[in-house]
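The values are calculated or read from the model by the stated rules, or taken from the named source; none is laboratory data. This one's a predicted model, so the numbers in the text were calculated from it and none came from an experiment. Using ideal geometry, Cβ is built from the backbone for each residue, glycine included, and neighbour counts are taken over all protein chains shown. Just so you know, the surface numbers come from the protein's heavy atoms only, side chains and all, with ligands and any DNA or RNA stripped out. Shrake-Rupley method; radii C 1.70, N 1.55, O 1.52, S 1.80 Å.
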Amino acid sequence: MKLAIMGAMPEEISPILETVGEYKTTEYAGNKYYEASYNGVDLIIAYSKIGKVFSTLTAATMIEHFGAQMLLFSGVAGAVSPDLKVGDLVVATKLSQHDLDITAFGHPFGYVPEGAVYVDADEELIEIAKGVASDMGLRVKEGIIATGDQFVANEERKNWIGATFNADALEMEGGSVAVVCNALDVPFFILRAISDAADMDASFSFDEFLVSSAKISAEFVMKMVERIGK
């Protein structure tokens with residue numbers, strides 16, 4: 001079993017690299033990939049850089065070039081649901097692309113022909129996450145995550161995304177990673193820790209809580225790896 005762990009930014013994978021300790025670094029396709037073993041599981045770890053294009057490239061590379069058979073994404077997100085606060089964990093049940101718009105041709109937001117508005121995450125990995133949450137005494141919300149190439153810091157835009165996609169959280173990579181994994185038949189799991197409320201204060205909140213929220217998400221994902229390795 002070779003398992004990919006992915007984030008978008010250095011802060012999102014730094015705690016993971018610290019946990020595994022020793023790793024081999026490979027430079028490929030303009031990025032760095034870190035190979036390690038943890039609890040008997042072979043890992044390939046990388047941060048993609050921000051946005052759907054880079055996350056698509058990285059996810060596809062981890063699967064096609066490095067042979068990943070499963071992918072876990074650890075990172076941060078902005079809250080859409082009023083039930084979420086900074087530091088809370090959200091597990092994606094399905095993901096959409098909120099900035100994909102060919103509605104001029106009569107299609108719903110987030111849809112392209114031969115595609116779908118939503119991509120479902122792997123149910124078995126979600127069940128593993130529930131067990132980890134129980135062990136850690138954490139409340140984890142399951143919900144819809146919306147992805148787009150925008151850092152949303154606007155209340156009106158946030159509310160539109162929430163209403164249009166029934167989204168609980170929004171970020172910039174999960175939806176594209178979901179498309180890649182779905183197309184290549186690789187089970188995937190997207191975990192996000194809330195770092196901001198995707199409103200007028202989002203840029204300030206994001207900087208302040210990025211590191212602490214990323215650590216929460218990373219610790220959770222590594223507990224999942226331990227369970228997967230048993």
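Here are some notes:
- Inter-centroid distance (Cα atoms) of the range 140-169 relative to the range 95-109, Å: 14
- The range 13-66: projected area of the alpha-carbon convex hull, averaged over directions, in nm²: 3.8
- Whole-percent pair-distance distribution, where bins are 10 Å wide, for the alpha carbons of the range 29-155: 10, 33, 39, 16, 2, 0
- Between 0 and 90°, nearest 10: helix 202-228 axis offset from the chain longest Cα axis: 50
- Here, P(r) means the percent of Cα pairs in each 10 Å bin from 0 to the largest distance; for the range 126-199 it is 17, 43, 31, 8.
- The convex hull of the Cα atoms of the range 113-161, projected and averaged over all directions, covers 5.5 nm².
- Along the range 173-188 the Karplus relation, 6.51 cos²θ - 1.76 cosθ + 1.60 evaluated at θ = phi - 60°, assigns HN-Hα couplings of 9, x, x, 6, 4, 4, 4, 4, 5, 5, 5, 9, 6, 10, x, 9 Hz to successive residues, with x for each Gly and Pro.
- Beta bridges per DSSP, both residues in the chain: antiparallel share near 35 percent.
- Taking a sphere under 12 Å around the Cβ of residue 228 and counting the other residues whose Cβ falls inside, with K and R at +1 and D and E at -1, yields a net charge of -1.
- Once the Cβ-Cβ distance of residue 28 and residue 163 is raised to the sixth power relative to R0 = 45 Å, the FRET efficiency obtained is 0.65.
- Counting only protein heavy atoms and a probe of 1.4 Å, the accessible surface of the chain is 50% carbon and sulfur.
- Antiparallel bridges, percent of DSSP beta bridges restricted to the range 89-200 (to nearest 5): 30
- Taking amide hydrogens as placed 1.01 Å from N in the peptide plane, the amide H of residue 190 sits under 5 Å from those of 73, 92, each at least 5 positions away in sequence or on another chain.
- Averaging 1/r over every pair of different alpha carbons in the range 76-230 and inverting the result gives a Kirkwood radius of 15.8 Å.
- Solvent exposure of the range 1-63 amounts to 44 Å² per residue of accessible area, where only protein heavy atoms count and the probe is 1.4 Å.
- The phi torsions of the range 87-94, fed into the Karplus equation with coefficients 6.51, -1.76 and 1.60 and a -60° offset, translate into couplings of x, 5, 9, 10, 9, 6, 7, 7 Hz, rounded to whole numbers, with Gly and Pro shown as x.
- The helix-based estimate of mean residue ellipticity at 222 nm for the chain, built from -39,500 (n - 2.57) per DSSP H run of four or more residues and divided by its residue count, is -12000 deg cm²/dmol to the nearest 500.
- Each label point was placed 7 Å from the Cα along the Cα-to-Cβ direction; for residue 69 and residue 134 their separation is 2.6 nm.
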